[in-house]
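Presented below is the structure to which this report refers.
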Amino acid sequence: MLLAAAILLIAVTVLFTFSIRDKDMPAPEPLSPTRHLDERRAAIYENLRDLQFEYRVGKLSDADYQQTKVGLQKELAGVLAEIEKVSSGAPPTPVKVETPKVTPGTVCPHCSATFPQPLKFCGECGKEMS
Amino acid sequence: MENIGALAILLAFCFAVYAIIGSLVGKWAKRPFLALSAQRAVYSVWALLTSAVGILLYSLIKGDYRMAYVWATSNHTMELQYKVAAWWGGQEGSLLLWSWLLATYSAIIVFQNRRKFRDMMPYVVGVLMFTQTFFLILNGFVASPFKMIAAGRGIVDIGDGQGLNPLLQYWTMVIHPPMLYLGYVGFIAPFAFAIASLATKQPGDEWIKTTRRWTLVTWMFQTTGVLLGMGWAYAVLGWGGYWGWDPVENASLLPWITATAFLHSVMMQEKKGMMKVWNMVLVSSTFFLCIFGTFLTRSGVVQSVHAFSEGPIGKYFVGFLAIGITLTVYLILSRLEYLKSESQMESVLSRESSFMFNNLILLAGCFAVLWGTLFPVITEAIMGEKISVDKPFFNRVNIPIGMFLLLLTGVGPLIAWRRSSFESLKRAFMWPALSGLFVSAALFAAGIRSFYALMSFGLCAFVLITVAIEFFKGARAISGKSGKNLLVSMFELTHRNTRRYGGYLVHVGIVILFVGFTGAAFNQDTTVELPQGGSMTLGAYTLKVVGFEEGENENYSWGRPKIAVTKYGEELPMMMPEQRFYFASQTPTHEIALRRRLNEDLYINYAGPGTNNSNVILQVYVNPLVSWVWIGYWVVLFGTIICLIPSKTKLVFPRTEVVGMTSKHAGKPAQVGTNENES
């Protein structure tokens, strides 16, 4: 009885461990060459989300908010460019970041928020743009 | 039966060794078959250890006193739950519990990640099974729970066992060790992932999320284990307190402190790619402190109420720690380039710097506790004489550290990530700081003169108001946008970022714990010998001995004085502390009488008969605010569970634009942005 139990214990565990069929082999893991950049992009989005929220609950001054936001957006632009380069197969190169030209009515004089087209009132702080 | 148990452990050892070799060779030689069979070997180890545990439990419950372990920890008079608890009531059984929990964690980790982290998993399996092999060596060859009692060449069947240590025959001991071990053992999961990420130089941070979740789960178990241990000490040891800075208590606190530091600093890695080396050090330290704690309990190097008898296993732990720490340090040093920070601290006034302070303070606390714990060992090595540091040393060093940590608990949430201006900080700090000062001033006016108590209550108010404002402002922002009421908005707010607001709830729990700890500044106690009919007064309470009962059952005899209690003249229910004498182990224990209230506990211990046999010796304690310690734990647990629930996030990026773009895309603004839902 004891011997049978011992043999059974050995047989079951050895069979389970080593009886691997071809169909048991896991399919190759889909690997994205931009995975770590995608993760970085998601982290920056999250940082931007946090930033906007902290600004809304009054933890940041307008100037701090704008400065941090611009910094994060530049970082994001760099990551997006890098993703595109990696996806298109070109070797990654350092990213040049340019600041777009400012046209009147597109930058809030109160909170420094920027907008693509001229506005009468700021979309961020609600104050007059002029 | 016992032979099958021993065979199962031996087979588990073979499979664990195979799993190490199979996974690493499979990875290096690119043989997926080997890697997969190594993962299956992990399941086999679990199944074999489960069989061994089943056999041990069966023997404990049925009372197979031919087995030395069963004889030493069980007897026929014990209730079923204590027969089960006898599994971890002795050295051999508790090492088997360690091993089984490790196998269980390993099986879960392998199953959870069977389609993920293909690159890292061989190393994860390698680390898990390397540790498993170490414990299986102890289970199989050094401290086997399946040894038989033999006289000459024959196995002897002794009619009954010695029974479990009576101090352990208490309900929290049924769940305290498994909880603490779930914490201790669980910290191997983040450690294994950290080592695997170093070995494979993982790009990206996906693995760190897995590591953080595992750390949070095991931190929750560790917290539960530590608090249950405090509950046990309070109710069973009869000295009126719940924390005595005992070496084994300290050993359970050390990994908790480093894990807490990691849970904070890991956010900086996730958000900004900073503190990577530091996080590696914290994860590794946490794991090795767990092993070190196990070593302290079992080697006999320090004296403790919790320690098992001195055995030969200490040197095995020292060997494992030496090998493990050397390999880890080598790996970290050889990967410094990979661990380089991706960004810098932008301002001293930022959440990042508050986290750094938090880490430094936690580290200082960890070092102080470690120093005090090892002081007897150090003095013995240097001077040849063991000199222990006592409770006042630990209190003197750790109370200021605790105060500073409490302050940072409130400061952190008020400061924004990356940078904050002085003006916004002034605005954010005003109400919480005023509330804290007001509470301290009011308590001072009410007659409290303890400096640390005033500071602690003031800081508790500061942190509570900080957290309340965080919830209120967040809920108001959601309410203003969605039109929902504040309570619904608060729920919504928490659901959108469970990690942040669950974390705030944990902070509230910590504040409540501190309220409970601060109550110790006002403890009163006395020891008196009273005759029948005699009375004494402590604080608002008057106690009178009005009778005495005694009796016995088959496990123990007992005696208990009947004590009539009045508070300010008002009669309270009778209290009856008890002294027991366990027959099998010839050991006396104390069952205290406790009247718990939110403002204070009345705690009476019957220490035994006095000089005249009819007299009773009573130790009486009035402990203010102790109940808040247990309430605080439940809040911490609730907050941790909230943190573990996935956040409800909808990534919609409709508005914010990139202001800078690559030269290739200049003039074609890319639409990126922030989650509108969050605003």
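Tell me which helices (runs of 4 or more DSSP H) are completely within region B:2-94 and hold 2 or more residues being aromatic (Phe, Trp, Tyr), or say none if there are none.
Values: elements: B:2-28, B:32-62, B:68-73, B:80-85.
Ranges flagged: B:2-28, B:32-62, B:68-73.
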Within region B:325-348, how many residues turn out to be surrounded by 15 or more Cβ atoms within 10 Å (Cβ to Cβ), closer than 27 Å to B:Arg419 by Cα and among the hydrophobic types (A, V, I, L, M, F, W, C)? 2
Would you be able to tell me the number of residues in region B:310-339 that are closer than 20 Å to B:Thr297 by Cβ, in contact (Cβ under 8 Å) with a residue 60 or more places away in the chain and of a type outside the set (Gly, Ala, Ser)? 4
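Look through region A:71-95, keep the residues that are in a loop (DSSP other than H, G, I, E, B) and surrounded by fewer than 14 Cβ atoms within 10 Å (Cβ to Cβ), and return whichever of them is modelled with the highest pLDDT.
Pass one, region A:71-95, residues in a loop (DSSP other than H, G, I, E, B): A:88-95.
Narrowing further to those that are surrounded by fewer than 14 Cβ atoms within 10 Å (Cβ to Cβ): A:88-94.
Values: A:Ser88: 78, A:Gly89: 70, A:Ala90: 60, A:Pro91: 58, A:Pro92: 51, A:Thr93: 52, A:Pro94: 51.
Going through the qualifying residues, I end up with A:Ser88.
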For region A:1-41, give me each residue that is surrounded by 13 or more Cβ atoms within 10 Å (Cβ to Cβ), modelled with pLDDT of 80 or more and more than 7 Å from chain B (Cβ to nearest Cβ). A:Val12, A:Val14, A:Leu37, A:Asp38, A:Arg40, A:Arg41
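Looking only at region B:474-490, count how many residues are surrounded by 15 or more Cβ atoms within 10 Å (Cβ to Cβ) and either away from chain A (no Cβ under 12 Å) or polar (S, T, N, Q) (or both).
Our first condition is that a residue be surrounded by 15 or more Cβ atoms within 10 Å (Cβ to Cβ); within region B:474-490, this holds for B:474-479, B:484, B:489-490.
Cutting the leftovers down to either away from chain A (no Cβ under 12 Å) or polar (S, T, N, Q) (or both) gives us B:479, B:484, B:489-490.
Here the count works out to 4.
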Evaluate the following for B:Ile188: is it in contact with a helix residue (DSSP H, G or I) (Cβ under 9 Å, 6 or more places away or on another chain), buried (at least 24 other Cβ atoms within 10 Å of the Cβ) and more than 23 Å from B:Gly5 (Cβ to Cβ)? yes
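Go through B:Arg449, B:Arg500 for me and flag whichever is within 31 Å of the chain's Cα centre (by Cα) and charged (D, E, K, R). Walk me through it before giving the result.
Details: B:Arg449 fails: within 31 Å of the chain's Cα centre (by Cα).
The match here is B:Arg500.
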Residues within region B:4-57 that are without any contact (Cβ under 8 Å) to a residue 12 or more places away in the chain and at the interface with another protein chain (Cβ under 7 Å from one of its Cβ atoms), tallied: 6
Report yes if some residue within region B:185-205 is of a type outside the set (A, V, I, L, M, F, W, C), in a helix (DSSP H, G or I) and within 19 Å of B:Leu637 (Cα to Cα); otherwise report no. yes
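Would you call B:Ser482 without any contact (Cβ under 8 Å) to a residue 40 or more places away in the chain and in the same structural domain as B:Phe583 (by TED's automatic domain parsing)? Working first, answer last.
On the way: without any contact (Cβ under 8 Å) to a residue 40 or more places away in the chain: yes; in the same structural domain as B:Phe583 (by TED's automatic domain parsing): no.
It is false that B:Ser482 is without any contact (Cβ under 8 Å) to a residue 40 or more places away in the chain and in the same structural domain as B:Phe583 (by TED's automatic domain parsing).
For every residue, the table says whether it meets (1) in contact with a helix residue (DSSP H, G or I) (Cβ under 8 Å, 6 or more places away or on another chain); (2) buried (at least 20 other Cβ atoms within 10 Å of the Cβ); (3) β-branched (Val, Ile, Thr); (4) without any contact (Cβ under 8 Å) to a residue 24 or more places away in the chain.
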{"residue": "B:Met383", "(1), (2), (3), (4)": "no, no, no, yes"}
{"residue": "B:Lys391", "(1), (2), (3), (4)": "no, no, no, no"}
{"residue": "B:Gly410", "(1), (2), (3), (4)": "yes, yes, no, no"}
{"residue": "B:Arg418", "(1), (2), (3), (4)": "yes, yes, no, no"}
{"residue": "B:Val439", "(1), (2), (3), (4)": "yes, no, yes, yes"}
{"residue": "B:Leu454", "(1), (2), (3), (4)": "yes, no, no, yes"}
{"residue": "B:Phe462", "(1), (2), (3), (4)": "yes, yes, no, no"}
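Would you mind stating whether B:Met129 is assigned to a loop (DSSP other than H, G, I, E, B) and hydrophobic (A, V, I, L, M, F, W, C)?
Details: assigned to a loop (DSSP other than H, G, I, E, B): no; hydrophobic (A, V, I, L, M, F, W, C): yes.
So B:Met129 fails the test.
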Mind checking which pairs have a first residue in region B:274-294 that is more than 14 Å from B:Ala261 (Cα to Cα) and buried (at least 21 other Cβ atoms within 10 Å of the Cβ) and a second that is at pLDDT below 90 and of a type in the set (Phe, Trp, Tyr), Cβ under 6 Å, 6 or more apart or different chains? B:Cys290/B:Tyr184
Please enumerate the residues belonging to region A:46-70 that are under 11 Å from the mean Cα position of the chain (by Cα), more than 7 Å from chain B (Cβ to nearest Cβ) and crowded, with 20+ Cβ neighbours inside 10 Å. none
Taking region B:86-135, which residues are within 14 Å of chain A (Cβ to nearest Cβ) and hydrophobic (A, V, I, L, M, F, W, C)? B:Ala103, B:Ala107, B:Val110, B:Phe111, B:Phe117, B:Met120, B:Met121, B:Val125, B:Met129
Selection count, region B:551-596, where residues are more than 18 Å from B:Val236 (Cα to Cα) and among the charged types (D, E, K, R): 6
Within region B:389-421, how many residues are outside any loop (DSSP other than H, G, I, E, B) and closer than 30 Å to A:Tyr55 by Cβ? 11
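The values are calculated or read from the model by the stated rules, or taken from the named source; none is laboratory data. Note that the coordinates shown come from a computational prediction; the quantities given were computed from them, not determined experimentally. Virtual Cβ from ideal backbone geometry, glycine too; neighbours counted across all protein chains shown.
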